[in-house]
Amino acid sequence: MTSTDATSTALSALSTGLADAVGAIAPALVAVKGHRRAYSGIHWQPGVVVTADYGLGRSGHLTLTLPDGNVVEAEVSGRDRALDLAIVQLDRTDLPLPSLSDGADLKVGHVVLAVGQSWDYGISASLGVVGNLGGPWQTSQGRAIDRLIRPDLNLYPNLLGGALVNTAGEVLGMNLNGPRNRVVTLPAANLSRIVKTLLERGSLSRGYLGVGLQPVALPEALRQTHSLTGEVGLLVVSVDGPGPAAQAGLLIGDILLAVNGQPVSNLQAVYGHLDASAIGQPVSLHLLRGGQPIQLTVTVGEQPQGGAR
């Protein structure tokens, strides 16, 4: 066999393998039409479809094309906008389910596929590689994710809410728009736990202070006077009247410097102290008020759906 023949054979085997991977997940994919756009969903467990919340707006009504071609109307059963995630419960429990992978062997450079069900064209796929892997991280709204999986591929609009698949056709997770519109994948194990909570509660619990914050530069003179190491604090621009922060005495114009003794210079640092385990627990806030340091203790509440931090 010549080198040209060997290359042709290898490419043919790769092509066939990729097509087989798409074929393995295809029977578990759903086309979703929301209020704003059409995108994808995955039949994640019997009678439960996971999809992106992005295109729903305020509506909870969806039209789904199921893997067997049937078109059904459905209502959202649970959602978490901090993750851009929604779930839908179906009367059908006989639809195929995907094979899941925990991604333990996943490495940067591994070939992966984004696969979804297009409303107009059927199964769609985009080929790429694993661009980044990392440890736990937070979304821009403070939702904790087990592991960073960032594929380097084109996430066409209809692939949003679809699956990231390895070359064995196993689902590594669900593809979503991440920070700066880069693709991120919500890991399969993480997603399964979230689905369980959403089915039980309809939403995910989050800690709640009841304040609006924005970064503000700290003047050099102020930093020297109070021996502040950070250059940025968080200015309190709004206080929710009935919220925990208001009850503790927080005022508009206060500058938040630290939570539980840990400096905070951005919203993500604050969110790290407001996961579900913090609800009902006291947190210590180190603040500047009128240029003078003060300390307040706030009991973290549970965030209302759609409410502020």
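The values are calculated or read from the model by the stated rules, or taken from the named source; none is laboratory data. Model, not experiment: these values are computed from the prediction. We place every Cβ from the backbone using ideal geometry, glycine too, and count neighbours over all the protein chains shown. Keep in mind that these areas ignore ligands, DNA and RNA; they rest on the heavy atoms of the full protein, side chains included. Shrake-Rupley method; radii C 1.70, N 1.55, O 1.52, S 1.80 Å.
Dipole orientation for the chain: of the candidates Gly41, Gly69, Gly17, Gly41 has the Cα lying most toward the positive pole (charges on Cβ; Lys, Arg +1; Asp, Glu -1). Highest mobility in the GNM of the chain, judged by mean-square fluctuation with C-alpha springs under 10 Å and restricted to Val49, Val237, Val130, is found for Val237. Considering only Ser101, Gly202, Pro219, and ranking their Cα positions along the charge dipole of region 100-239 that arises from unit charges at the beta-carbon of Lys, Arg, Asp and Glu, the one farthest toward the positive end is Pro219. Over region 239-309, the reciprocal of the mean inverse Cα-Cα separation, the Kirkwood hydrodynamic radius, stands at 12.5 Å.
Site pair Ser277 and Gln214 shows an inter-label distance of 3.4 nm when each label is modelled 7 Å from Cα along Cα→Cβ. A 1.4 Å probe over all protein chains sorts His273, His110 by accessible area into His110, His273, starting with the largest. The mean sequence distance of close C-alpha pairs (under 8 Å, at least 6 residues apart), as a share of the length of the chain, puts its relative contact order at 14 percent. Volume per residue for region 184-261 equals 165 cubic angstrom (convex hull of Cα atoms).
Using just its DSSP H runs of length 4 or more, each adding -39500 (n - 2.57), the chain gives a mean residue ellipticity at 222 nm of -5000 deg cm²/dmol after division by all residues.
Average 1/r across all pairs of distinct alpha carbons in region 1-153, invert it, and you get the Kirkwood radius: 17.3 Å. Accessible area per residue was computed with a 1.4 Å probe on protein heavy atoms; Thr63 scores about 30 Å².
Compared with the direct C-alpha span, the chain from Tyr156 to Trp137 gains 4.4 nm at full extension, assuming 0.36 nm per residue. Under 37 °C and 0.692 mPa s, how fast does region 177-309 diffuse according to Stokes-Einstein, given a Kirkwood radius computed over C-alpha pairs? Answer in µm²/s, whole number. So the translational diffusion coefficient is about 203 µm²/s. Among Ile149, Ile279, the order of accessible area from largest down is Ile279, Ile149, computed with a 1.4 Å probe on protein heavy atoms.
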